[in-house]
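Below is one structure, written out as structure tokens; comments come after it.
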Amino acid sequence: MTIKGTSRREFLVWTSALGALTLAPGFSGRAMAQSGGLRLRMPADDEILDPGYMVGGTEVSAQKQCLPFLAEYNMVDGEVSWRPTYYVTRLEHSDPTHIEFELAEGLIWSEDYGSVKASDVKFSFERMKGTDWSGYFEALDHVEVTGDRTGTIVLNTAFAPFILVTLCHGPGAVLCEQAVKDVGGKFTTKFPAICGPYRYEAVPGQRVTFTPNPDWTGPKPAADSVVVQVVGEEKAADLAFEAGELDCTDIGTDTLARYKNTPPEGAKINIAGELRYMWMGMNTEHPKLEDIKVRQAIQHAVDVDSILAGAYSNTTRKSNGIICPGLLGQRDATKSYSYDPQKARDLLAEAGVAGLELTLRCENVQDRLLTAQIIQANLAAVGIIANIMPMEDGAFWEMGSEEAGDVWKDLEIWIMQYFTTPDPYEATQWFVSSQVGVWNWERWTNEEYDRLYAEGIAEQDLDKRKSIYLRMQDIMEETGAYVWINHEPTAYVHRAGVTISTAPSGELDYRRFEFA
């Protein structure tokens, strides 16, 4: 096979990765997927499988194969929702603070720990309140066990996203109470007991292998086995896929752009989710920006379409707010501004501002720098000088925090990206009044916004929730402090004969893969 345009370093990375893949047990080149096995990639070893102390990513993928979950993500008409898993025969709200469940019959823990019980659910969820992932369970009061397989999740306040955000994600995994206690209350790279379609075996630095669980009584997954190879370099994984040695791998923006134009033979691209939202923010308290007409002028001056083309090769979706595609409350257009350089000049003239000079801060990574350069040119076209200040991660993520020092006082404009969960409440929480000086770096307050945030968390009616989150984004935009930019995707390339299953946050769920 000839790889055109490959540097020596890339060739060495690729050959070592390909060699590791070829030597891995169970790998047999292109025949693997066709014979019922899957060959996938992970960027690094799993560090902690315990849902209370995990890092996330592929650790969540492993939990989905080996542990019970009460709910799972489901896409309905392009929007993220949830549905009960085959681990339960019933999961439903009886009122806003009570969720009743009934476990399916015949669920068996490995290692002779017996049946999966409602008491395991109680132990697992109440245990999470004292772990590193306790934030997902702030709304939980307790779990009431009403029978061997039945119980009620009792919330301390109405929290509409609990099932979608908590129970569908890694923190919602159910553990075997006795097995966890037998290993000292925590575990790292070995599950103390499993109840899922696959067993888990890891060879550090090389691979994780999932093989059939003989105690599993639920639906049989399509793949007889799954081998997930450790390939640290994203470029090496791309090349391994092109060589036919992987059935699926995640890809970055550059590769996504290349594959959209020239996809590998027999391959498809899957956008797993677009749960990142990026914007340019403005400090409403800074003397240069306290006049809303100046901020509105900047909103009209920025050509977001040119950013999407020049910095992202048109691989990302244009943003109209903080609610990401597929989520309740996503806006389809801006209301208060559009790209209009002449309008920007007129607003600056009305404000009596000329010769405005600002510092534009961003992370020191390629796409942010390219975005900053395009914004710099856009602002120059209306008479604003923007001096770009690239920053390393540590300093960047502290610059708006009052606790971290006084940099927030000098903060003017910046490019920011957040990652969120598949429910609109999380994206909106960072901009309430109490977050000024914490994460609300734009430093505005609004009583209506704060009230709507509380209402949105409690509201069960989907149409009413949607209206709440649409209005909250209108309020944000009306401050003049935001230029919405994009939603960056999590993307995978996979064999055309393999249908993959992904969470909105990007984790793969191997048990839900299918073969054509």
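Figures for the structure shown
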read-out	value
Inter-residue pairs, beta-carbon under 8 Å, first within 22 Å of G78 (Cβ to Cβ) and in the stretch 329-348, second buried (at least 17 other Cβ atoms within 10 Å of the Cβ) and polar (S, T, N, Q), 6+ apart	G329/Q473; Q330/N320; R331/N320; R331/Q473; D332/N320; A333/N320; T334/N320
Total residues in the stretch 401-438, condition aromatic (F, W, Y) and either assigned by TED's automatic domain parsing to the domain that holds P504 or out of contact with any Gly (no Cβ under 7 Å at 6 or more places or on another chain) (or both)	4
Scan of the stretch 404-430 for residues that are more than 22 Å from R295 (Cα to Cα) and without any contact (Cβ under 8 Å) to a residue 24 or more places away in the chain, ordered by number	A404, G405, D406
Selection from the stretch 263-291 of residues that are of a type in the set (D, E) and either modelled with pLDDT of 95 or more or crowded, with 16+ Cβ neighbours inside 10 Å (or both)	E274, E285, E290, D291
Positions within the stretch 198-209 being farther than 13 Å from M42 by Cβ and surrounded by fewer than 21 Cβ atoms within 10 Å (Cβ to Cβ), in sequence order	R199, E201
Residue that is part of a helix (DSSP H, G or I) and of a type in the set (V, I, T), where the choices are T421, T371	T371
Strands (runs of 3 or more DSSP E) wholly inside the stretch 71-163 containing at least 2 residues that are over 22 Å from the mean Cα position of the chain (by Cα) and more than 23 Å from G196 (Cβ to Cβ)	88-95, 98-103, 140-145, 150-155
Test: residue in the stretch 90-98 that is crowded, with 21+ Cβ neighbours inside 10 Å and under 30 Å from T502 (Cβ atoms)	no
Verdict on E59 being part of a loop (DSSP other than H, G, I, E, B) and either touching a residue at least 40 places away in the same chain (Cβ under 8 Å) or in contact with a strand residue (DSSP E or B) (Cβ under 6 Å, 6 or more places away or on another chain) (or both)	no
Residue list for the stretch 279-316, filter: touching a residue at least 60 places away in the same chain (Cβ under 8 Å) and of a type in the set (D, E)	E285, D291, D303
Single condition Q376 does not satisfy, out of (1) touching a strand residue (DSSP E or B) at 6+ places or on another chain (Cβ under 9 Å); (2) in a loop (DSSP other than H, G, I, E, B)	(2)
Count of residues meeting criterion [surrounded by fewer than 17 Cβ atoms within 10 Å (Cβ to Cβ) and farther than 30 Å from L452 by Cα] in the stretch 146-177	3
Test for S119: is it polar (S, T, N, Q), at pLDDT below 95 and farther than 30 Å from V230 by Cβ	no
Test: residue in the stretch 299-314 that is on the phi > 0 side of the Ramachandran plot, surrounded by 18 or more Cβ atoms within 10 Å (Cβ to Cβ) and either of a type in the set (D, E, K, R) or outside any helix (DSSP H, G or I) (or both)	no
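Results for (1) free of Cβ contacts under 8 Å to residues at least 60 places away in the same chain; (2) closer than 18 Å to D112 by Cα, shown as yes or no for each residue.
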site	(1), (2)
V180	yes, yes
G185	yes, no
P197	no, yes
E201	yes, no
T217	no, yes
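The values are calculated or read from the model by the stated rules, or taken from the named source; none is laboratory data. Keep in mind it's a predicted model, so treat the numbers as computed, not measured. As a convention, Cβ positions derive from the backbone with ideal geometry for all residues, glycine included, and neighbour counts pool all protein chains shown.
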